[in-house]
Amino acid sequence: KAQYAVINRIAEEMQDAIMQVRMMPVSFIFQRFPRLVRDISRKLGKEVELRLEGEDTEADKNIIEALADPLIHIVRNSLDHGIETPEVRQKAGKPAAGLLHIRALQESDRVIIEIADDGRGIDPVAIKHKAWEKGLIDEAQLDRMSEQEAINLVFLPGFSTAEAITDLSGRGVGMDVVRNAIDKVNGAVELSSTFGQGTRLRLSLPLSMAVTNVMIIESDGQIFGVPMDLINETVRLPRAGIKTIKRQKTAVLRGKIVPLVALNDLLAVPAEPLANGDDELAALVVRVGSEQVGLLVDDFREVVDVILKPLPGELARLTCYAGTALLGDGSVLMVLNPKELF
């Protein structure tokens, strides 16, 4: 036991040291923004004050590299679509120079990057009508859509509000590219905007990509992994509490209706989820975008840290798997990607 404790401590210290070697400050990306903002604002005839904060915040090298292009796209969007010309700003009672504030901070095991401007913001009504004109939503959705849902339409592929095609915008390469790039590194994007006052984008990313925290679940005698940062909770649901609404199994959790889907159905396994001795089904509540979905499985197992390896060759096309990991006993664990499962 004493020797095991010593070896374990050395291994953990070694892992920490190697992780530190992989860490880079976000200033690696931030340093290119002053010139970018200066050049674009001059080209557009706008006055912009850039404020950078938290440049010494560190993240994994892969995360920093994956962030470079999305951040440049977001900054260009803020300057082109968000911040108005000095004349328009003064008429609206704002200072002639617009403010672009980029901030990085660390929250527990995640890196948060916020990009905010005090420009014109996003008009939900205009966004809805533009999406309707392009055939992206129907009339029923147009009427019942909330303001936040309308703002989130900017993430649809090929969506652009630019009236004319320029070298900055209107080419149909929009915020969907940003969201896809952030999704690839297990990150999340939140967009909030007040029309006439400004827009704020919040990117939440894992601190490290080297080690992934996964929960092992069991279904039809097989084990799978699910990334912990996508799991909201694990519950056991009495079979009597599961209702069917429009052919969809659902359950009420904390006052909210949560749709339930059997993992076996998603993976085309011809087997029903197993209940325990108390006739309860195991449900893994996962976050898919802004929604919650209950994944019915046979059983929950332990939570482990694994090094996730992407699937090679032809298997890389199977987007429902995030990758594979090798467990301590030598068995291979297939890690699911809930965002692509549903």
Would you say Gly225 is touching a Pro at 6+ places or on another chain (Cβ under 8 Å) and closer than 24 Å to Leu266 by Cα?
no
Region 200-223, residues that are part of a strand (DSSP E or B) and within 18 Å of the chain's Cα centre (by Cα)
Arg200, Leu201, Arg202, Leu203, Ser204, Leu205, Pro206, Thr212, Asn213, Val214
Just to check your reading of the model, which residue among Thr199, Thr194, Thr212 is surrounded by fewer than 16 Cβ atoms within 10 Å (Cβ to Cβ) and not small (Gly, Ala, Ser)?
Thr194
Which of the numbered conditions does Thr319 fail, given that it passes all the others? Conditions: (1) closer than 13 Å to Thr212 by Cα; (2) in a loop (DSSP other than H, G, I, E, B).
(1)
Looking at (1) touching a strand residue (DSSP E or B) at 6+ places or on another chain (Cβ under 8 Å); (2) modelled with pLDDT under 80; (3) of a type in the set (Gly, Ala, Ser), which is the only condition Ala116 fails?
(2)
Confirm whether Ala126 is under 18 Å from the mean Cα position of the chain (by Cα) and in contact (Cβ under 8 Å) with a residue 12 or more places away in the chain.
no
Please find, within region 224-236, the residue that is modelled with the highest pLDDT out of those that are under 19 Å from Phe342 (Cα atoms), of a type in the set (A, V, I, L, M) and in a strand (DSSP E or B).
Val226
Scan of region 143-164 for residues that are at pLDDT below 75 and of a type in the set (A, V, I, L, M, F, W, C), ordered by number
Phe159, Ala162, Ala164
Going through Arg38, Arg89, Arg76, Arg22 one at a time, which residue ends up being modelled with pLDDT of 90 or more and either farther than 22 Å from Asp109 by Cα or basic (Lys, Arg) (or both)?
Arg38
Is it the case that Ile122 is of a type in the set (A, V, I, L, M, F, W, C), under 28 Å from Leu207 (Cα atoms) and surrounded by 14 or more Cβ atoms within 10 Å (Cβ to Cβ)?
no
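Rundown of residues vs (1) within 21 Å of Ile245 (Cα to Cα); (2) open to solvent by less than 80 Å² (accessible area, probe 1.4 Å); (3) in contact with a His (Cβ under 6 Å, 6 or more places away or on another chain), yes/no style:
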{"site": "Asn276", "(1), (2), (3)": "no, yes, no"}
{"site": "Val285", "(1), (2), (3)": "yes, yes, no"}
{"site": "Asp299", "(1), (2), (3)": "no, yes, no"}
{"site": "Pro312", "(1), (2), (3)": "no, no, no"}
{"site": "Tyr321", "(1), (2), (3)": "no, yes, no"}
Out of (1) in a strand (DSSP E or B); (2) under 26 Å from His101 (Cβ atoms); (3) open to solvent by 40 Å² or more (accessible area, probe 1.4 Å), the one Asn186 does not meet is (1)
Among the residues of region 224-236, is any free of Cβ contacts under 8 Å to residues at least 60 places away in the same chain and in contact with an Asp or Glu (Cβ under 7 Å, 6 or more places away or on another chain)?
yes
Identify all residues within region 323-342 that are open to solvent by 80 Å² or more (accessible area, probe 1.4 Å) and under 24 Å from Asn180 (Cβ atoms); write none if there are none.
Glu340, Phe342
Pairs needed: first member in region 312-337, farther than 17 Å from Ile231 by Cβ; second member anywhere, open to solvent by less than 70 Å² (accessible area, probe 1.4 Å) and of a type in the set (Lys, Arg); C-beta distance under 9 Å; at least 6 residues apart or different chains.
Thr319/Lys339
Residue tally, condition part of a loop (DSSP other than H, G, I, E, B), of a type in the set (Asp, Glu) and under 27 Å from Val185 (Cα atoms), over region 107-140
1
Quick one: how many residues across region 266-302 are in contact with an Asp or Glu (Cβ under 7 Å, 6 or more places away or on another chain) and without any contact (Cβ under 8 Å) to a residue 12 or more places away in the chain?
0
Among the listed residues Arg254, Arg317, identify the single one that is loosely packed, with under 15 Cβ neighbours inside 10 Å, among the basic types (Lys, Arg) and under 18 Å from Phe342 (Cα atoms).
Arg317
One residue from Glu58, Glu84 being over 30 Å from Asp183 (Cβ atoms), acidic (Asp, Glu) and modelled with pLDDT under 90:
Glu84
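The values are calculated or read from the model by the stated rules, or taken from the named source; none is laboratory data. It should be emphasised that the depicted structure is a prediction, and the values quoted were computed from it without experimental measurement. Ideal geometry is used to build each Cβ from the backbone, glycine not excepted, and the neighbour counts take in all protein chains shown. Side chains included, ligands, DNA and RNA excluded: accessible areas come from the protein's heavy atoms. Shrake-Rupley method; radii C 1.70, N 1.55, O 1.52, S 1.80 Å.
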